[in-house]
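One structure is given below, encoded as structure tokens.
The values are calculated or read from the model by the stated rules, or taken from the named source; none is laboratory data. What you see is a predicted model; the values in this text were computed from it and never measured. When we count neighbours, we look across all protein chains shown, and the Cβ atoms used for this are built from the backbone with ideal geometry, even at glycine. Surface accessibility is based on the protein's heavy atoms, side chains included, excluding ligands, DNA and RNA. Shrake-Rupley method; radii C 1.70, N 1.55, O 1.52, S 1.80 Å.
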Amino acid sequence: MNLSARANATSTESVAKLSVRDISRRFETRGKIVEALKGVSFDVPSGGFYSIIGHSGCGKSTLLNIVAGLDQATSGVVAVDGVVRRSPGPDRGMVFQSYTLFPWLSVIENVAFGMRMGGMGKKERREAAQHYVELVKLSAFVDAYPKELSGGMRQRVALARALANKPAVLLMDEPFGALDAETREQMQELLLNVRNKEFMTVLFITHDIEEAILLSETIGIMAARPGRVAHEFKIELPYPRDAATKVSDAFVQNKRRLIEVFKSI
Amino acid sequence: MNLSARANATSTESVAKLSVRDISRRFETRGKIVEALKGVSFDVPSGGFYSIIGHSGCGKSTLLNIVAGLDQATSGVVAVDGVVRRSPGPDRGMVFQSYTLFPWLSVIENVAFGMRMGGMGKKERREAAQHYVELVKLSAFVDAYPKELSGGMRQRVALARALANKPAVLLMDEPFGALDAETREQMQELLLNVRNKEFMTVLFITHDIEEAILLSETIGIMAARPGRVAHEFKIELPYPRDAATKVSDAFVQNKRRLIEVFKSI
Amino acid sequence: MPTWLSQIGRIRAPIPAALYWTVAAATFVIPAAIWWLASSSGYVDRLFLPSPADVAKQAVVLAENGRLWSDIGWSVFRVFAGFTLAAIVAIPIGILMGTYHIADAIFEPFTDFVRYMPAAAFIPLIMLYVGIGETAKILMIFIGTYFQLVLLVAAVARTVPIDVINVAYTLGASRRQVLTNVVVPASLPGLVENLRITLGWAWTYVIVAELIAAQQGLGFRIMEAQRFLKTDTIFLYIAIIGLLGLASDQIMRRISSKTMPWAETFDR
Amino acid sequence: MPTWLSQIGRIRAPIPAALYWTVAAATFVIPAAIWWLASSSGYVDRLFLPSPADVAKQAVVLAENGRLWSDIGWSVFRVFAGFTLAAIVAIPIGILMGTYHIADAIFEPFTDFVRYMPAAAFIPLIMLYVGIGETAKILMIFIGTYFQLVLLVAAVARTVPIDVINVAYTLGASRRQVLTNVVVPASLPGLVENLRITLGWAWTYVIVAELIAAQQGLGFRIMEAQRFLKTDTIFLYIAIIGLLGLASDQIMRRISSKTMPWAETFDR
Amino acid sequence: ADAPLQIGVTIWPGWMPWWIVEEKGYFDEVGVKANIVKFKRHPDDMSAFAGKQLDATHMILADVIIPASKGVPGRIVLITDESSGADGIIAKTGIDGIKDFKGKRVAYELGGVSQLILMRALEKEGLTLDDVSSVNMSAEDAGTAFLAGAVDVAVTWEPYLSQASKDGKGRVVFSTADTPGLVPDLLVFRAETIEKRSADVQKVIAAWNKALAFIKTNRKEAVEIMAKGAEISAEEMEQNLAGIKLYSLADNVREFGAAPDGPLFKTADEQADFLLKSKLIDSKPDVPSLVAPQFVGAVTE
Ligand SMILES: Nc1ncnc2c1ncn2[C@@H]1O[C@H](COP(=O)(O)OP(=O)(O)OP(=O)(O)O)[C@@H](O)[C@H]1O
Ligand SMILES: Nc1ncnc2c1ncn2[C@@H]1O[C@H](COP(=O)(O)OP(=O)(O)OP(=O)(O)O)[C@@H](O)[C@H]1O
Ligand SMILES: [Mg+2]
Ligand SMILES: [Mg+2]
């Protein structure tokens, strides 16, 4: 895989952590063709936070799946550290739009799954997992099975599971969609913290413009038919950020500008 | 069922469209007891719009399921027009937290399902369904199967399906969770319109405080452990409302007050 | 590296149809070649392993005198009739069993009791009550198939997600409608798959069924050939049963992938 | 109206255990009563329908002389050994078939070909290669069970949602780990259910297996009794097979509901 | 007005003449409505017979005697043939005689003709079944098992006997050729059929006789018809026929003799004693009542 990788990566001078190059994806079902993605390209530098916003059905989940290696692009490549990736791996952790927990594992076992796959010992991984379960405020439910959890709780378990695995690149598809405002804020702060500490690179899909601004360095605005990144928007806010950032003037300005751009597309 | 209904309904003097009376729900799994709901009571008048907000896992979905007749309360009753309801029926339409479409039916067939059950003719129901598919902006996907839709598109189909069935009471569990801001706004307006026209009574779960204020007459704020309605909050905004309502002073005031109350719980 | 090669090791990844059928063909050609070698080398007794040529010769003989066709016709008829009957009874009952706990109480324990019994042991009772005509043979296949099929149908009906059922209720479907308009279509892909599997079971009963006073049929002819040590005929007829099964399998697969475009399966 | 009564008609609603078992018991008691009436009224020939008393008498005789126990022991051993072997082989192969398209190409068409063949037709080849000892009988049950089981396992493995597999990949599971840590546990409830169903299938082969030089066993004794028209023994032994099956069914159900608390099923 | 008579038959060379009856339409010729119903396994046609599904079927003596003790009324009307070398005992090379059977694995069908033949053979050398290691299998399976080398001795029938000799796997050490009269094959009718439709029964026997006559006069064609029915070659059919002795009417008259003193009665009585001794039946039926000699007698007139 490495050979073609070099060739493809030449366009990115300083190698980006994650490069998405000219991705297209076409679905053909029963004669009908849907051009879900066409020529999507962007880079996320190491430790960067890139959010994608766009209307329902514009191709965001499709894009994330391709980046994760779970779906194959009709054309184009995805590279991590300049190496082309076509299949999924632990370097790209993912939180799915529909929280897919393992029904046969308890909360803590779900969170510890990645560590178990990595060969970590039982006691060690339970401790580590416990930590993340606490972070997502589910200590009271460590031994519950997914079917005994509420929607928002499941989403948080999925989040803890992805974080606990410490992926180099974290892909998140509307991870906070089912959460109330307060919990959502807590999770946003959690994400900001963890990312700082672990130096993760994040590719994030959201519908919440404020959330996008609070978290991201860059926001890619996608347009539909065919799905493409129509505009990239840099957020000029210093890190570390927290909930308080949202009431700053700079934040409000960024928001106003972003909404303008978004509407113009 | 009617007998006990009368007895139970006496406490509501002027019979409410939907009465929830002292509902408790306890889950017992592997020895552990979770008190998901305890003594939840409220009324929604005919044509009323009642929203429930509350932290993740506080029991909102459980409550809605009981109102729909899909789960059985440990104690307490639910009455529609003063008649106790213990099993599900078309008088209480529902949009689920996880959009559950019928995978073997196309978009239009999904939307027309309720009408088909009601015995409406094929041509007639297709026309009616077509109308709702257009309202949720999925005309291009009438014949697609659920597996070919994005998350937000599925949610809209579920919405159209519930609306098309014109239930007396509409129960909605975070129906707009997976939608981008613009589509969400469109759907909110759609809901306001349809409710006006069809004179539906709505019980609505959301995480979005602005959404709750924009849509509701009354907001029930739920607290957890055990789940209960800790506070009822009246929204003093005249109908008809629309997206513009959100920038009015009254709206902002309501929001500030609601957030205060919510935080105090 | 061609992409199809990298696809091979991937879970659920489809491989090119050409590759699929090449490999599948190889799984037939290789045993056939081994058979041919083994029988022609004389390493294995011809009496137990006739040569492909002998079998082919026998096929020509029987095809020419027409017996082959009448045997196929009769057995296909019996299996088809018995199986169809079993399906007609098992599908509604199985769906009820998987849906209503009370139906489960009525049918499941008793089915669990009867299904273990060797079908051949029912031959005397069958002869006593329905005689020795075609009905008896069809009934034998029915008994051999029904009790297994009904449990498989129930198992499928049980996997229909409760959410989907609940949605239908809130849309005003009556219990009856939920059964016919939700449980049935939701079970359909699993149902077709299980019918396909059970059709194979029905065929394995053709010998038992044709113990009952059959005058012709594939199972009857196999037994007759066994009596006279005609190993080539036995091999021929066994292979024909296999081929008939293989063909019906492929037909059922085609039908199911054509009629259920919404199901998530990996196609051939 | 008591609540349990209203539960009866509800889809997927559990009914009280007492009601369940009362109804289930009735499905045994009623046919037994009909049997008793039919045989004591003399309406049906005793030769075909011995009276319950005759059967009970025969049970006492055979239990006392020990033959009953040795027959049960031998048959249980054979069925258990053949079935276990079939499961050991079919589960891994079936899971591969349901997971890798290439494994499907290798095994499915050939299995589809072989599984239609009447197992009894393999008796001569079995005798040639493994003789007439216990191995032969166990192999017979293996052949009768394996080809059906492997397809059922594959069908189950195919229903594991692709999402769950994908999640595991993104958490760093290797393909091998996905197989063992995701596909296998996700298939487990369906697998256990299908093993339960196929165990019944294995039992129906006990007669065929004991055609091969058995000196004892339930199937053997049934055939012997048939030879001498000892209908009471036939009835006794058939009932015993049914009861053994019923018992093993209940045990497997218990095990599966105890070991898989996370599965969504309606319990008894 | 009467339904066609149902005559059960399992595959046995001595009963193949029915194929000629069918092919030549002898039933029509003699004016009786009758069907030949083929069964694979012997117990199955007996079940059908006991269940009143058949009016007649073919049996050996033990098959008549055992059900009789259970109240199934069968009447012997005709001896069709006698196994005369078609059933036999085949032993591995190295086993020279019956006395060497001691401790060897011997395959035979429990309770069937095979057991009878084996016991008769062992008796000759002063042995009993306890001296051998019994392996229970149908005659065909026993033959197959022998050819497969899975047993040392097998009681089986043609073509397994000649096949094993031909292949040099063993040799026939004993056969029904050594025991004349031991295994007569019989045509047995239900008692009530005989009572109600004795004329038809008589016609069935007449049809059978026509077939026998045809075999005599047109042996080549007859063998071909029978071979075609059995799906084997004419040579193989001949080989099968070599092991049996078809009974002519005259033979029948001789065997039935002057009831109840004829040789058939004597053999039957002996076998009933033998079955009783072997605990295969609980009580001895009245043997003479199992025979309906009038039909054989009538034809000769
Ligand atoms: N089947 C069950 N078994 C055990 N506990 C359950 C079950 N279903 C729900 N619960 C518990 O009941 C409580 C309420 O769950 P519910 O789904 O109603 O929450 P919710 O308010 O809808 O949350 P969210 O906003 O996250 O969807 C939770 O603590 C949950 O763990
Ligand atoms: N399997 C499929 N077959 C056919 N079309 C598909 C398939 N999957 C996705 N699509 C189409 O691709 C487009 C993009 O879908 P995608 O799920 O990426 O949208 P999205 O941006 O994630 O939307 P949302 O915000 O609603 O989740 C949609 O038009 C959808 O209909
Ligand atoms: Mg999406
Ligand atoms: Mg919820």
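Worth a mention:
- Out of C:Val79, C:Val44, C:Val55, sole residue that is more than 29 Å from C:Ala214 (Cα to Cα), among the β-branched types (Val, Ile, Thr) and in contact with a helix residue (DSSP H, G or I) (Cβ under 6 Å, 6 or more places away or on another chain): C:Val44
- A:Val95 buried (at least 22 other Cβ atoms within 10 Å of the Cβ) and touching a helix residue (DSSP H, G or I) at 6+ places or on another chain (Cβ under 7 Å): yes
- Test: residue in the stretch B:26-36 that is open to solvent by less than 10 Å² (accessible area, probe 1.4 Å), not small (Gly, Ala, Ser) and not assigned by the TED database to the domain that holds B:Leu258: no
- Those helices (runs of 4 or more DSSP H) lying entirely in the stretch C:1-77 with at least 2 residues free of Cβ contacts under 8 Å to residues at least 24 places away in the same chain and over 24 Å from A:Arg86 (Cβ atoms): C:17-41, C:52-64
- Candidate set from the stretch E:114-134 (those that are among the aliphatic types (A, V, I, L, M) and surrounded by 24 or more Cβ atoms within 10 Å (Cβ to Cβ)); member that is nearest to the other protein chains (Cβ to nearest Cβ): E:Leu116
- Helices (runs of 4 or more DSSP H) wholly inside the stretch C:113-198 containing at least 2 residues that are without any contact (Cβ under 8 Å) to a residue 24 or more places away in the chain and within 12 Å of chain B (Cβ to nearest Cβ): C:162-170, C:175-178
- In the stretch B:45-77, residue farthest from the other protein chains (Cβ to nearest Cβ) [restricted to those that are open to solvent by 30 Å² or more (accessible area, probe 1.4 Å) and either within 16 Å of the chain's Cα centre (by Cα) or of a type in the set (D, E, K, R) (or both)]: B:Pro45
- Residues that are within 7 Å of another protein chain (Cβ to nearest Cβ) and either in contact (Cβ under 8 Å) with a residue 24 or more places away in the chain or of a type in the set (Gly, Ala, Ser) (or both), drawn from the stretch D:96-111: D:Thr99, D:Ala105
- Number of residues in the stretch A:153-207 that are within 16 Å of ligand 4 (Cβ to nearest atom), of a type in the set (D, E, K, R) and either more than 11 Å from chain B (Cβ to nearest Cβ) or outside any loop (DSSP other than H, G, I, E, B) (or both) equals 4.
- Qualifying residue in the stretch A:215-225 (condition: at pLDDT 85 or above, surrounded by fewer than 20 Cβ atoms within 10 Å (Cβ to Cβ), farther than 26 Å from B:Ala212 by Cα and within 16 Å of ligand 3 (Cβ to nearest atom)): yes
- Scope the stretch E:83-113; condition at pLDDT below 85 and open to solvent by less than 30 Å² (accessible area, probe 1.4 Å); matching residues: E:Ser83, E:Gly85, E:Ala86, E:Ile95, E:Gly97, E:Ile98, E:Phe101, E:Gly111, E:Gly112
- Looking at E:Ile90, E:Ile79, E:Ile95, E:Ile117, just one residue is more than 15 Å from the chain's Cα centre (by Cα) and not in a loop (DSSP other than H, G, I, E, B), and that residue is E:Ile90.
- Pairs where the first residue, in the stretch B:60-74, is closer than 15 Å to B:Glu35 by Cβ and the second is in a loop (DSSP other than H, G, I, E, B) and away from ligand 4 (no atom under 13 Å from the Cβ), C-beta under 7 Å, 6+ apart: B:Ile66/B:Ala73
- None of B:Glu182, B:Glu232, B:Glu211 is within 16 Å of ligand 2 (Cβ to nearest atom) and out of contact with any Leu (no Cβ under 7 Å at 6 or more places or on another chain) except B:Glu182.
- Residue within the stretch D:214-223 that is out of contact with any strand residue (DSSP E or B) (no Cβ under 8 Å at 6 or more places or on another chain), of a type in the set (Lys, Arg), open to solvent by less than 30 Å² (accessible area, probe 1.4 Å) and away from chain A (no Cβ under 14 Å) present: yes
- Which numbered condition B:Ala162 fails, given (1) at pLDDT below 90; (2) assigned by the TED database to the domain that holds B:Ser106; (3) under 13 Å from the mean Cα position of the chain (by Cα): (1)
- Being more than 10 Å from every other protein chain (Cβ to nearest Cβ) and either modelled with pLDDT of 90 or more or within 16 Å of ligand 4 (Cβ to nearest atom) (or both) is a property that B:Val95 lacks.
- Note on the stretch A:225-265: residues that are touching a residue at least 24 places away in the same chain (Cβ under 8 Å) and hydroxyl-bearing (Ser, Thr, Tyr) amount to 2.
- Only residues that are at the interface with another protein chain (Cβ under 7 Å from one of its Cβ atoms) and either over 26 Å from C:Ile8 (Cβ atoms) or within 13 Å of the chain's Cα centre (by Cα) (or both) were counted across the stretch A:78-92, and they come to 1.
- E:Val204 being among the hydrophobic types (A, V, I, L, M, F, W, C) and touching a helix residue (DSSP H, G or I) at 6+ places or on another chain (Cβ under 6 Å): no
- Residue satisfying all of: in the stretch E:43-76; under 13 Å from the mean Cα position of the chain (by Cα) and not in a helix (DSSP H, G or I); nearest to E:Gly112 (Cα to Cα) among these: E:Ile60
- Answer residue from the stretch B:128-174, given it is in contact with a Pro (Cβ under 8 Å, 6 or more places away or on another chain) and among the basic types (Lys, Arg) and is nearest to ligand 3 (Cβ to nearest atom) among those: B:Arg154
- Any hit, the stretch B:117-134, residues being within 16 Å of ligand 2 (Cβ to nearest atom) and open to solvent by less than 30 Å² (accessible area, probe 1.4 Å): yes
- Output for the stretch A:71-108, where each listed residue is within 16 Å of ligand 3 (Cβ to nearest atom) and outside any strand (DSSP E or B): A:Asp71, A:Phe96, A:Gln97, A:Ser98, A:Tyr99, A:Thr100
- Against the test of being within 14 Å of chain B (Cβ to nearest Cβ), more than 16 Å from ligand 4 (Cβ to nearest atom) and under 23 Å from the mean Cα position of the chain (by Cα), the options A:Val107, A:Val142 yield a single qualifying residue, A:Val107.
- Condition check for B:Val80: within 16 Å of ligand 2 (Cβ to nearest atom) and open to solvent by less than 10 Å² (accessible area, probe 1.4 Å): no
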